[in-house]
Amino acid sequence: MQFQQLRYFVAVAECRHFTRAAEQLHVAQPSLSQQIRALERELGADLFTRARGNIALTDAGEALLPLARRILADTDTARREVQEMAQLRRGRVRLGATPSLCTGLLPDVLRTFHDAHPGIQLLVEEGGSHDLVRELARGALDLALVVLPLPTPSPALTTVELLHEDLVVVSSPAARAPRSPVRVADLRDTPMVMFRHGYDLRELTVAACRAEGFEPVFTVEGGEMDAVLGFVRAGLGVAVVPRMVAERTGTGLRVTPLAGPGLHRTIALAHRSDVAPPRAARELQRVLLGAGA
């Protein structure tokens, strides 16, 4: 049974005339008749009673007609759905990002993307780079914003550098102001609020302190980005965060730059090498790369 045969069948059933149905479909009448005969042979039953000037549906034809209409309607719906997705009117993007990027970079980028493509559903998963790489590899994400170098380099992933971020020290305005700019060595014996294990910022900060010969002192640890910033505002300690995050916190925190060479991190956009991202994901990728330029 072919899709074209069903179209011909429905046209004849509605016109009750082979010649008029052929004209409506812009096909030759003999060709239409041949396709109807082929469909009847396939089904093993006559679909029409044929008398001069009188075409009527048989019982088999009456049974097939609503099914054929439904199949044709479903096919049209499928075609529109695919076209809408291809034209970015519908679809979804599964994006992974580190929590600091969800606070700093993503709000403005996702606002821009949503304004241009309001029909695209955005699903955002927060996590450390290690977790996001694993989710990419198993196909649970289309794109991910990760920190380079990756904890476990993977040839199955393609990464494109997006931006280089400076890290700064944030503290409560009520606390004694640190020297500006502050050196990593100045953080010795300074109470710090620290992110949970798995945060890229935690690993980077601890590594920088150890490079200066000391272990950081934690007053509170284990928080997510919003919690850490709240603890700092409450005067529980200082924290090292990306400048982009600090600038979005408004007047609630004092921001102090780090003395040269300072601390930096590289953010990259990653996707699987063996599977091309969906059209909507490729469009979000374009917006992200433009924001990082």
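The values are calculated or read from the model by the stated rules, or taken from the named source; none is laboratory data. Model, not experiment: these values are computed from the prediction. In this analysis, Cβ positions are derived from the backbone assuming ideal geometry, glycine residues included, and neighbour counts consider all displayed protein chains. For accessibility, only protein heavy atoms count, side chains too; no ligands or nucleic acids. Shrake-Rupley method; radii C 1.70, N 1.55, O 1.52, S 1.80 Å.
The condition of being of a type in the set (Val, Ile, Thr), open to solvent by 10 Å² or more (accessible area, probe 1.4 Å), in contact (Cβ under 8 Å) with a residue 40 or more places away in the chain and closer than 18 Å to residue 270 by Cβ holds for only one of 133, 124, that being 133.
Screening the candidates 249, 219 for the property of being polar (S, T, N, Q), modelled with pLDDT of 90 or more and either under 22 Å from residue 163 (Cβ atoms) or in contact with a strand residue (DSSP E or B) (Cβ under 9 Å, 6 or more places away or on another chain) (or both) yields one hit, 219. Restricting the search to helices (runs of 4 or more DSSP H) fully inside the range 9-105 and requiring at least 3 residues that are within 30 Å of residue 195 (Cα to Cα) and not acidic (Asp, Glu) gives 99-104. Here the range 63-83 is the region considered, the condition is being open to solvent by 50 Å² or more (accessible area, probe 1.4 Å) and in contact (Cβ under 8 Å) with a residue 12 or more places away in the chain, and the residue that is farthest from the chain's Cα centre (by Cα) is 69. The set of residues from the range 244-293 being within 25 Å of the chain's Cα centre (by Cα), within 21 Å of residue 195 (Cβ to Cβ) and open to solvent by 50 Å² or more (accessible area, probe 1.4 Å) comprises 244, 248.
A quick yes/no check of all residues on (1) surrounded by fewer than 16 Cβ atoms within 10 Å (Cβ to Cβ); (2) under 37 Å from the mean Cα position of the chain (by Cα); (3) basic (Lys, Arg):
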| residue | (1), (2), (3) |
| --- | --- |
| 173 | yes, no, no |
| 176 | yes, no, yes |
| 182 | no, no, no |
| 187 | no, no, no |
| 194 | no, yes, no |
| 197 | yes, yes, no |
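Of the strands (runs of 3 or more DSSP E) contained entirely in the range 127-240, not one carries at least 3 residues that are among the basic types (Lys, Arg) and in contact with a Gly (Cβ under 8 Å, 6 or more places away or on another chain).
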